[in-house]
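To keep things clear, I will list the structure first and then write my remarks on it.
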Amino acid sequence: MTAWPDLPYAGWVDTLDTLHMVVQILGKVRVALSPKEPEWAHVALYVSARGITTGPVPSAAGLFEVEADLLAHEVAIRVASGDAARVELRDRPIAEFWREFVDALRSVGIDTELPTNPQEVPDPIPFPDDTTHHVYDGDAATRFWQVLTLIEPVFEAYRAVFQGKVSRVQFFWGGADLAVTRFSGEPCTPPPGAGLLDRVAYDYEQMSIGWWPGNASFPEPAFYAYAYPKPEGIESAELASPGASWNHDLGEFILRYDDVRTAPSPEAAVRQFLDAAYDACASRSGWNPKLVS
């Protein structure tokens with residue numbers, strides 16, 4: 001087993017905020033050029049063997065991908081034609097990175113209009129104007145990616161045993177979280193007053209699990225789990241997962257990353273949490289037990 005690295009939120013929050021803007025920009029590329037899919041599946045990014053990638057994206061210049069390489073600390077643009085371009089990841093304002101990235105896309109024949117506003121963040125700054133986010137610690141960025149590579153196989157195994165509709169293991173750039181969503185197959189109504197994001201995301205009964213590196217409202221990395229619609233009485237469920245608890249502020253089950261990485265088997269601790277949360281949510285929501293093989 002590989003040791004799971006420490007990733008204290010306070011120690012790299014400035015780099016996280018900068019990297020968050022970088023992956024948001026990658027996400028804008030996927031949104032602009034990928035065919036639309038239900039529940040925003042066409043916007044997600046993916047963990048790769050070197051960082052975080054768009055995966056294959058169609059364009060007039062041919063199939064291409066954009067990868068934030070968190071080992072070489074560069075964003076690589078690779079086109080099926082053989083054309084390629086790279087943009088360095090280093091200490092500098094996002095505004096400067098944005099200009100160089102857009103020029104790099106054009107240099108390989110990808111000339112598309114990208115939205116300039118980040119999403120799902122407080123006080124968003126348009127990328128061309130963002131001189132606030134400028135810190136990049138390469139070692140911290142690499143540790144973050146290493147954590148993702150350790151979580152990915154556990155999430156894939158959890159995903160694989162589900163017999164119904166299930167998402168891929170997806171990196172959602174809005175919240176910078178790695179997630180998997182299982183669906184019961186039954187339609188449901190989005191929350192009252194839901195905006196566009198929630199109206200599209202919550203059109204079918206679902207149970208989501210994931211991990212995020214922390215944010216201002218919960219400043220530490222953690223695993224999470226929740227179901228929509230919220231099962232009656234779920235907040236009082238006691239999971240068979242040491243350290244897991246219901247967080248009333250977030251409305252989710254939470255398992256702190258530090259509790260996982262210091263466990264005898266972090267992989268087993270994560271899987272125990274995922275299965276326990278699913279069982280608690282699915283049983284209270286009346287899901288077919290045959291959905292899990």
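For the chain, the longest principal axis of the C-alpha atoms and the axis of helix 9-33 are separated by about 80°.
First check a/c for the stretch 160-238, with a ≥ b ≥ c the square roots of the eigenvalues of its C-alpha gyration tensor; if it is under 1.5, answer rounded, and if not, answer prolate when a/b is larger than b/c or oblate otherwise. Could the numbers behind the result be given before it?
Numbers: a/c = 1.33, a/b = 1.26, b/c = 1.05.
The shape class here is rounded.
Near D177, the amide H atoms lying under 5 Å from its own belong to F172; only residues 5 or more places off or on other chains count, and H is placed 1.01 Å from N. Can you list the aspartates and glutamates whose alpha carbon sits under 16 Å from that of K165, skipping same-chain ones fewer than 8 residues off? Once the sequence-local aspartates and glutamates are set aside, what remains near K165 is E37, E39, E156, E186, D203, E205.
Could you state the accessible area per residue of the stretch 168-293 in Å², with a 1.4 Å probe and every protein chain left in place? Before the final figure, lay out each step's value.
On the way: 5810 Å² over 126 residues.
Dividing the accessible area of the stretch 168-293 by its residue count gives 46 Å².
Taking θ as phi - 60° and the Karplus parameters 6.51, -1.76 and 1.60, the scalar couplings of the stretch 90-107 work out to 7, 4, 5, x, 4, 4, 5, 4, 4, 4, 5, 5, 4, 5, 5, 4, 5, 5 Hz in sequence order, x denoting glycine and proline. Along the stretch 231-242 the Karplus relation, 6.51 cos²θ - 1.76 cosθ + 1.60 evaluated at θ = phi - 60°, assigns HN-Hα couplings of x, 4, x, 5, 5, 9, 5, 9, 7, 7, 8, x Hz to successive residues, with x for each Gly and Pro. The relative contact order of the chain, computed from alpha carbon pairs under 8 Å that lie at least 6 residues apart in sequence, is 17 percent. In this structure the amide hydrogen of E205, modeled in the peptide plane, comes within under 5 Å of the amide hydrogens of S184, G185, E186, C188, none closer than 5 places in sequence on its chain. Here the Karplus relation 6.51 cos²θ - 1.76 cosθ + 1.60, evaluated at θ = phi - 60°, turns the backbone of the stretch 36-53 into coupling constants of 5, 10, x, 6, 6, 4, 7, 9, 6, 9, 9, 6, 10, 6, 10, x, 10, 10 Hz, with x for every Gly and Pro. Backbone amide hydrogens, once placed in the peptide plane, bring K165 within less than 5 Å of F183, excluding anything fewer than 5 places away on its chain.
Computed over protein heavy atoms with a 1.4 Å probe, the carbon and sulfur contribution to the accessible area of the stretch 145-210 reaches 54%.
When both the stretch 8-46 and the stretch 161-204 are represented by their alpha-carbon centers, they are found 16 Å apart.
Against the main long axis of the alpha-carbon atoms of the chain, helix 138-160 sits at an angle near 40°.
For the peptides 68-76, 104-112, the ranking by mean Cβ contacts within 10 Å, running from highest to lowest, is 68-76, 104-112.
The values are calculated or read from the model by the stated rules, or taken from the named source; none is laboratory data. Source: prediction; values computed, not measured. Glycine gets a Cβ as well: all are built from the backbone with ideal geometry, and neighbour counts include every protein chain shown. Ligands, DNA and RNA are stripped out before the accessible areas are found, and what is left, the full protein with its side chains, is counted by its heavy atoms. Shrake-Rupley method; radii C 1.70, N 1.55, O 1.52, S 1.80 Å.
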